[in-house]
Amino acid sequence: MSPIRKPELELEGHRLRPESLMMSHGYDPRLSEGAIKCPIFQTSTFVFESAEAGKAFFEIAYGLRERGPGEEYGLIYSRLNNPDLEVLEDRLAVWDGAEACAVFASGMAAITTALLAFVRPGDVVLHSEPLYGGSDHFLRYYLPRMGVEAIGFPAGVPFAMVADHLERQIAGRPVACALLETPANPTNGLVDIEAVAAFTHEYARADRSPVVMVDNTFLGPLWQQPLRHGADLVLYSATKFIGGHSDVIAGAALGSTQALAPVLALRTFLGTMATPWTGWLLLRSLETLKMRMTAQMKNARYVADFLLEHPKVRTVHYLGLLPEDHPMQPVYRRQCLSPGSLISFEVEHGEAGAFRFLNALKLAKLAVSLGGTESLAEHPASMTHADVAPDAQARMGITPGMIRMSVGVEHYEDLVADVRQALEPV
Ligand SMILES: *Cc1c(COP(=O)(O)O)cnc(C)c1O
């Protein structure tokens, strides 16, 4: 029998919050020798109780027939399913209000598997700009080899300003999907999910409907839930906030059972699923997700306020500082539950100034990645976005003096002291 049990989201009519469910949801200790924690099911394959049971499992897994009432997916082979991944998928789905989830070996595995599940030669893919470097590279260099063109539009401006231009560029071709990243990395520019979803879904054809995907790595799953704003799929680099300790690479895709089905099917054939050990690590991380993200969010406010007042800092891009009269303010209010903990800011003296700051940091570490318990800082123009041509960087607002900082769970006074002393040599 599978150690998974049906979700229990309610307690006598009282709806349990996600943070209360992260320790137990989807796991039945009675099926694992009473172990309070889900064991690591470090196994490639699963023994069937009978030939009939094995046949029934395959019928469901390969979609040869519908699942009967109460019939579960049987455990077959760890490329298809594994208890650590299934429990993790149930728990991740809770935060985003998703029906289904699939976990992956990395964020890029989730993103590329999702894109490949929907594109066909001759299609176009719409996307916000800037995107994560890996996603951007895949869209610009890999998809064209399959006859798929990626068309970008800028984050940070109302979608109505770019819709007409986008429509002309699409020029009647089939739209496979839209890939959005909001807030954008590293500029924190917002994309209006509702507006892009309405626009993209207009391109539905008799046999296919374009899929709106949101890479929710920066604010999710706590501070933004794109499925509630018209997205069809949510994608994550679980390496970041979900993992949260900078010690694991993983990804996830979530949505309705129907929207996720092609992605789940392709994961089986590409073999881009996560390992049981990764699943177990992420189950552990999820228990403290809310505490970590809340502490990080509070710390970021102190750091951003300090930066704003500093004479060597030119501009601070942080959602908590979005001006009241900013054209994206209504989108922020509708879509985001908190400003999160990523700050980018520009110091004086371009790259030289930025490097002096980065080299002087003592508590925060100079590294790419984000969302971990420790604070990290990096230089987007020469590191995470080095692949973006200088003129495109300028267009996207990635300047030579820009620093991106992911604020961790340290004491905020220690972080402010570190930033203050690192700004001295700038
Ligand atoms: C890190 C990141 C990715 C890629 O995730 P990996 O787990 O490194 O493969 C994708 N999107 C965003 C926004 C990221 O920050």
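The values are calculated or read from the model by the stated rules, or taken from the named source; none is laboratory data. These numbers were taken from a predicted model, which means no experiment stands behind them. FYI the Cβ positions are ideal-geometry reconstructions off the backbone, even for glycines, and counts take in every protein chain you see. Areas reflect the complete protein model, heavy atoms only, side chains present, ligands, DNA and RNA absent. Shrake-Rupley method; radii C 1.70, N 1.55, O 1.52, S 1.80 Å.
So here's what we get for this one:
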{"item": "The chain - convex hull of alpha carbons, volume per residue in Å³", "result": "154"}
{"item": "For segment 289-423, the spread of Cα positions along each principal axis, largest first, Å", "result": "35, 35, 28"}
{"item": "Shape parameters for segment 22-114, alpha-carbon atoms, Rg then Dmax in Å", "result": "14.5, 38"}
{"item": "Sequence-distant residues sharing a close amide H with Met273 (under 5 Å, placed H)", "result": "Ala105"}
{"item": "Straight-distance crosslink candidates among lysines, where the alpha carbon sits under 25 Å from Lys365 and sequence neighbours closer than 8 are dropped", "result": "Lys240, Lys290, Lys298, Lys312"}
{"item": "Heavy atoms of Trp277 accessible to a 1.4 Å probe, total area in Å² rounded to 10", "result": "120"}
{"item": "Heavy-atom accessible surface of segment 92-198: percent carbon and sulfur, 1.4 Å", "result": "55"}
{"item": "Å² of accessible area per residue within the chain, as computed with a 1.4 Å probe and no ligands counted", "result": "44"}
{"item": "FRET efficiency, Ala198 to Arg15 (Cβ-Cβ, R0 35 Å, nearest 0.05)", "result": "0.75"}
